[in-house]
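Reviewing the structure listed below.
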Amino acid sequence: MVDLVQFAYVVSAGLFVFALYWMNSPKTAGRSVTAGSVAMLIAVGATWIQPEILNHGWIIIAIMAGFVVGVPLSRVPLTAVPQRTALSHSFGGLATGLVGCAKYYLWAGGDVAQLTPFRTTALVFEVILGFLTFTGSLMAAGKLQEIKWIPQRPVTYPGQNFGNLALLAAAAGLGLLLVIDPVGPWSAMAFPAIVGVALLCGVLIVIPIGGADMPTVISILNSYAGLSAVAMGFVLDNKLLIIAGALDGSSGLILSIIMCRAMNRSFTNVLFGAFGKVQKSTAVTEARNYKQETVEGAAQVMEQASLVVIIPGYGMAVAQAQHRVRELYDQLTRRGITVKFAIHPVAGRMPGHMNVLLAESDIPYDVLLEMDDINPEMPHCDVALVVGANDVVNPAARYDKSTPIYGMPIIDADKARMVLAIKRSKNPGFAGIDNELYFGDKTFMLFGDAKAVIGDLVKQLSGNSSGH
Ligand code: NAP
């Protein structure tokens, strides 16, 4: 039995590694999801058949509870996936924290020899990271979901970072006392105090961070949840937990680093910089007028182009316009026009957001170009069609130090011969700043919902072609 379980764990760990590897490309992402799900199924099954598991009723109840919560969560719209992911991390954090509590009280109550210094250290790490991830992820999900009583803007006060670090140091100090004497007279107070401080830290660490940085924070919390699972693996002496937790921890960390780089921000700036505080931009100081274009005019311009570059952003996701975009792509390519897509690494609200949407509408992968590959082509582009993107095409990022996006590499839409921009209003993008691209001489606005406007463009183009 032991050999079978260990073998199943090795298979499961291998599948987890491949699941991560296959996530690297939209072509293999589906396979990745299957591999991850099968790996989890094997892990749960192999754990369940162990002879120490006596009360199967509780496991069945837990699995049913997982279904009741998990199935509706799997149906949230793509735009809500970041907060859904944060919720999953909070469940992971809560689970490791609770297992840590159960183990501590079980061992402290009867089998004190199990609380070796090494295991108690791992247990303290598990509990601090687990509970911190729980409340931190709940706060992050609440901010992204724009829940009324959770402020979206960064909440800051003097000495905040110092206060947070002092709290974490206090939790670590109490943990050290527990390691030295796990069941001393004061340990009945120390353990719950560690749990309380960790829960408080999760809230206090996330409130100074603005909504715009939440996807990065979620990714960091993902890595905390993974590290907490690693610690739990040491506590329970479970190698699969150690491997899976390490994969989770390192991939979460790498993802946050990639996102910070794409926004040209440092890790410390994301965690302690209170990004998203209302700041005054100098990019567009006085009220200026936009030039507008009609759908008919825009269709004519595009028909005469040789190269059209479509730049999708968060607005395409909100409008669910990806299928109309595909129809537009078909109309243009049918006329011999070259159409490419410019994908900014942080367009939308989660990494790969645009790729997922465009893959859903079967746009060929080879016309989806990363920012560094498309930017050299932008000066030769006849029409740059911006579909609900804003910050990722804002030239202020290049020079305006007062803007929160300063230094973020952008798609060079302003270098195209002409820009057609679809958005609903004059409102700014996620960073809350005006976009001078929209006031440029070569830019023409098509105000309206992206799905409706592109649908009209497609109708116009198909009408034109049937008229020929
Ligand atoms: P954005 O700056 O948020 O702008 C999106 C634009 O879409 C808005 O100006 C909005 O203008 C328009 N829009 C919304 N709904 C629309 C609809 N139904 N139809 C047409 N237009 C619509 O988006 P972005 O350019 O993609 O930039 C992403 C931002 O998120 C960046 O600041 C980035 O740093 C941040 N971020 C992203 C990630 C990530 O992983 N992707 C992570 C962290 C941070 P109207 O309201 O006028 O329509």
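A simple rule links phi to the HN-Hα coupling: the Karplus curve 6.51 cos²θ - 1.76 cosθ + 1.60 with θ = phi - 60°, which for segment 161-166 gives 5, 4, x, 5, 5, 5 Hz, with x for Gly and Pro.
Working from Cα pairs under 8 Å separated by at least six residues, relative contact order for the chain is 13 percent.
For VAL11 and ARG334, a Förster radius of 35 Å and the Cβ-Cβ distance give a FRET efficiency of 0.15, rounded to the nearest 0.05. Stretching the chain fully between ALA193 and ARG31 yields a gain of 53.9 nm (0.36 nm per residue, less the alpha carbon separation). For LYS415, the aspartates and glutamates whose Cα falls under 17 Å of its own Cα, not counting residues fewer than eight places away in the same chain, are GLU370, ASP372, ASP373, GLU377, ASP382, ASP391, GLU436, ASP441. Residue by residue, segment 86-92 carries 3J(HN,Hα) couplings of 4, 4, 4, 5, 5, 5, x Hz when phi is fed to the Karplus relation 6.51 cos²θ - 1.76 cosθ + 1.60 (θ = phi - 60°); x denotes Gly or Pro. In straight-distance terms, cross-link reach from LYS426 covers every one of the lysines whose alpha-carbon lies under 21 Å from its own, apart from those fewer than eight places away in the same chain; here that gives LYS277, LYS280, LYS291, LYS442, LYS451. Around the Cα centre of the chain, unit charges on the Cβ atoms of Lys, Arg, Asp and Glu (plus for the first two, minus for the last two) sum to a dipole of about 640 debye. As a rough guide to protection, the peptides 35-41, 393-399, 347-353 ranked by mean Cβ packing within 10 Å, highest first, stand as 347-353, 393-399, 35-41. Toward the positive end of the charge dipole of segment 75-165, with +1 on the Cβ of Lys and Arg and -1 on the Cβ of Asp and Glu, the farthest Cα among GLY136, VAL112, CYS101 is that of GLY136.
For the pair THR268 and TYR290, label points projected 7 Å from Cα toward Cβ lie 4.0 nm apart. Applied to segment 121-132, the Karplus parametrisation 6.51 cos²θ - 1.76 cosθ + 1.60 on θ = phi - 60° returns per-residue 3J(HN,Hα) values of 4, 4, 5, 5, 4, 4, 5, 5, 5, x, 6, 5 Hz, with x for Gly and Pro. Approximating the spin labels as points 7 Å out from Cα along Cα→Cβ, the PHE447-to-ASP111 distance works out to 7.0 nm. Under the classification rounded if a/c is under 1.5, otherwise prolate if a/b is larger than b/c and oblate if not, where does segment 1-145 fall, given a ≥ b ≥ c as square roots of the Cα gyration tensor eigenvalues? Oblate is the answer for segment 1-145, as a/c is 1.5 or above yet b/c matches or exceeds a/b. Taking amide H atoms as placed 1.01 Å from N in the peptide plane, the amide H of ILE310 lies under 5 Å from those of LYS340, PHE341, ALA342, LEU385, each 5 or more residues away in sequence or on another chain. Note on the chain: Rg/Rh from Cα positions, Kirkwood definition for Rh, rounded to two decimals, is 1.05.
The alpha carbon convex hull volume per residue for segment 318-457 rounds to 108 Å³. Taking amide H as placed 1.01 Å from N in the peptide plane, THR443 has its amide H under 5 Å from the amide H of VAL419, each at least 5 places away in sequence or on another chain.
Spin-label model, VAL203/ILE63: points 7 Å from Cα along the beta carbon direction are separated by 3.7 nm.
Values in this text are rule-based calculations from the coordinates and carry no lab data. What you are looking at is a predicted structure, and each value in this text was computed from that prediction instead of being measured. Glycine also receives a Cβ, built like all others from the backbone with ideal geometry; neighbour counts cover every protein chain displayed.
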